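K.L.:
Before I ask anything, let me first share the structure, which is written out below as structure tokens.
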Amino acid sequence: MIHLLGEEMRKVSSAEKVMIVTHPRINRLYGNDVVARLKGVGFSPTVVQLPEGERHKTLSHVQRIYDGLIQKRFERSSLLVALGGGVVGDMTGFAAATFLRGISYVQCPTTVVAQIDAAIGGKTGVDHPKGKNLIGAIYQPSLVLIDPLLLATLPKREFIAGLAEIVKYGVILDKKLFYFMEKNVDAILAQEPSVLTYCMRRSAEIKAAVVGADERESGLRKILNYGHTFGHAIETVTGYRQYKHGEAVAIGMMAAARMSDRLGIGNRELIDRQERLLERLGLPTRFPRLNPVEIMKVLYTDKKVVGGKIHFVLPEKIGSVGVQKVERDSIEGILRDLCLS
Ligand SMILES: NC(=O)c1ccc[n+]([C@@H]2O[C@H](COP(=O)([O-])OP(=O)(O)OC[C@H]3O[C@@H](n4cnc5c(N)ncnc54)[C@H](O)[C@@H]3O)[C@@H](O)[C@H]2O)c1
Ligand SMILES: [Zn+2]
């Protein structure tokens, strides 16, 4: 699929200058091939390499992209290509949204998270020392080219963490996808192309459909946050060091499923099947022994607090969720049980 990048880009752009934004590790693996493909269809590509890791998703690194663009005299018609995971994708998209008030860009995602989530939907941006993704823009790419074969070189823990987001799509909207995953755990972990492609395609389709219906998250798009309210709190309280994002989301989905059961919305079967699937995929499901007071503090500084209540995405059954405001007392009660069990 990546071999089609040049041709596909030509369909959306007649530019000459193209800047590929990536990390050194990804550049070593795929950079030469991508450059050759782009040259093959008449682009004139240059490469900018940024350091990897969430802590480098900052304005100062976007500045490095601007510096390169200005130095190479890029114009309104020029093009950016994000070759990497969500970190590269979010920064490249933001640079594209803002350079000369907006130039076109292409997403060529190389992680599970980026292929089924970050590269689709147009959310771009960087972190601020006070919080994640606080600066950004919604700005759609001209093309998203998804090649699951690129995942073969992804570190195993990164790959597995990304699978949590596929489970999420199954629980919120697609029971068939959930059942398919249950039946094909071994093939998914072995990255068998047809099985992995099905999971990735369905996930990307769901993300695109939800974003297509609600780009600015005024309603439906909220359901994509399933597992993320508790997940983000766990990531924050543990300083983003202990868990990969997907791992925290897996634990967050279990917490949300239990909350749903407690509130009489969900049920035991949902909890058990979700837990079993996550565990078989190698994902954590047990809530860590953290201080519930600290978790509450983080939950209540989140942007989803409305009038003292927090919006939670709560599953009813596999393939169907609702969004509900939950009172502080209920959240505290559930958290106490989760943190101490
Ligand atoms: N814009 C959105 O809608 C959206 C959605 C979800 C996540 N995100 C953002 O995405 C980021 C997380 O993205 P991520 O999980 O892709 O992490 P990441 O971009 O940090 O990539 C993870 C690691 O894998 C390496 N890597 C990437 N592809 C590889 C490959 N094919 N082979 C070998 N190594 C490879 C990278 O160099 C990096 O070290 C976060 O900043 C998050 O906020 C954005
Ligand atoms: Zn996520």
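K.L.:
Run a plain Debye calculation on the chain (Cα atoms as equal point scatterers, no solvent) and give log10 I(q)/I(0) at q = 0.06, 0.07, 0.13, 0.16 Å⁻¹, rounded to two decimals, same order as the q list.
P.N.:
These q points yield log10 I(q)/I(0) values of -0.21, -0.29, -0.98, -1.38.
K.L.:
Mind grabbing the base-10 log of I(q)/I(0) for region 77-116 at q = 0.15, 0.16, 0.27, 0.34 Å⁻¹? Debye formula, identical points on the C-alpha positions, no solvent, two decimal places.
P.N.:
-0.31, -0.35, -0.80, -1.07
K.L.:
Using only C-alpha positions, report the orientation-averaged shadow area of the convex hull of region 1-82, nm², one decimal.
P.N.:
Details: hull surface 22.0 nm².
Seen from a random direction, the Cα hull of region 1-82 projects 5.5 nm² on average.
K.L.:
Moving to a separate point now. Hey, which of these cross-link pairs are over 31 Å Cα-Cα: LYS57/LYS168; LYS130/LYS309; LYS17/LYS168; LYS72/LYS123; LYS244/LYS325; LYS130/LYS176? Walk me through the intermediate numbers first.
P.N.:
Details: LYS57/LYS168 25 Å; LYS130/LYS309 23 Å; LYS17/LYS168 39 Å; LYS72/LYS123 26 Å; LYS244/LYS325 27 Å; LYS130/LYS176 40 Å.
Those over the limit are LYS17/LYS168; LYS130/LYS176.
K.L.:
Name the trypsin sites (Lys or Arg not before Pro) in region 81-168 that are in a loop by DSSP and that have at most 12 other C-beta atoms within 10 Å, would you?
P.N.:
Details: sites: ARG101, LYS123, LYS130, LYS132, LYS156, ARG157, LYS168; in loops: LYS130.
Within region 81-168, the qualifying trypsin sites (Lys or Arg not before Pro) (loop, at most 12 other Cβ atoms within 10 Å) are LYS130.
K.L.:
Another question about this same structure. Using only C-alpha positions, report the orientation-averaged shadow area of the convex hull of region 121-214, nm², one decimal. All intermediate terms of the calculation are to be shown ahead of the outcome.
P.N.:
Working: hull surface 29.7 nm².
So the Cα hull casts an average projection of 7.4 nm².
K.L.:
From the phi of every residue in region 253-266, what ³J(HN,Hα) in whole Hz does the Karplus formula 6.51 cos²θ - 1.76 cosθ + 1.60 yield, where θ is phi - 60° and glycine or proline is x?
P.N.:
So the J values, rounded to whole Hz, are 5, 5, 5, 5, 5, 5, 4, 4, 5, 4, 8, x, 9, x.
K.L.:
Ignoring ligands, DNA and RNA, what percent of the accessible area of the chain is carbon or sulfur (1.4 Å)? Write down the numbers at each step before the final one.
P.N.:
Numbers: 7640 of 15150 Å².
Accessible surface attributable to carbon and sulfur in the chain totals 50 percent.
K.L.:
Over the chain, what is the mean sequence separation of C-alpha contacts under 8 Å (at least six apart), divided by residue count, expressed as relative contact order in percent? Write down the numbers at each step before the final one.
P.N.:
Working: 582 pairs, mean separation 43.6, N = 341.
That works out to 13 percent.
K.L.:
Which translational diffusion coefficient, to the nearest whole µm²/s, is obtained for region 66-160 from the Stokes-Einstein equation, given a Kirkwood hydrodynamic radius over C-alpha pairs, 37 °C and 0.692 mPa s?
P.N.:
Values: Rh = 13.7 Å.
For the chosen part, D equals 239 µm²/s.
K.L.:
On to the next question. Counting pairs of alpha carbon atoms under 8 Å apart in space and at least six apart in sequence, what relative contact order in percent does region 1-153 give? Please list the in-between numbers first.
P.N.:
Details: 293 pairs, mean separation 35.7, N = 153.
Computed value for region 1-153: 23 percent relative contact order.
K.L.:
Another question, if that's okay. What number does region 173-324 give for Rg over Rh if you use C-alpha atoms and the Kirkwood radius?
P.N.:
On the way: Rg = 15.7 Å, Rh = 16.3 Å.
Reported Rg/Rh, Kirkwood definition of Rh: 0.96.
K.L.:
Which value, to two decimals, describes the C-alpha radius of gyration of region 160-237 once divided by 2.2 N^0.38 Å?
P.N.:
On the way: Rg = 13.5 Å, N = 78, 2.2 N^0.38 = 11.5 Å.
Ratio of Cα Rg to 2.2 N^0.38 Å: 1.17.
K.L.:
Accessible area per residue, 1.4 Å probe, Å², for the chain: what's the number?
P.N.:
Details: 15150 Å² over 341 residues.
Accessible area per residue, the chain: 44 Å².
K.L.:
While we're on this one: Under the Karplus relation 6.51 cos²θ - 1.76 cosθ + 1.60, θ = phi - 60°, what is the ordered set of whole-Hz ³J(HN,Hα) values for region 195-206, x standing for Gly and Pro?
P.N.:
Couplings: 5, 5, 4, 4, 4, 5, 5, 4, 4, 5, 5, 5 Hz.
K.L.:
Taking only DSSP H segments of four or more residues, each worth -39500 (n - 2.57), what value at 222 nm results for the chain once the sum is divided by all its residues, to the nearest 500 deg cm²/dmol?
P.N.:
Values: 13 runs with 158 residues, N = 341.
About -14500 deg cm²/dmol.
The values are calculated or read from the model by the stated rules, or taken from the named source; none is laboratory data. Everything numeric in this text was worked out from a predicted model, so none of it was measured. Counting neighbours? That spans all protein chains shown, and the Cβs are built from the backbone with ideal geometry, glycine included. All accessible areas refer to the heavy atoms of the entire protein, side chains included, with ligands and DNA or RNA removed. Shrake-Rupley method; radii C 1.70, N 1.55, O 1.52, S 1.80 Å.
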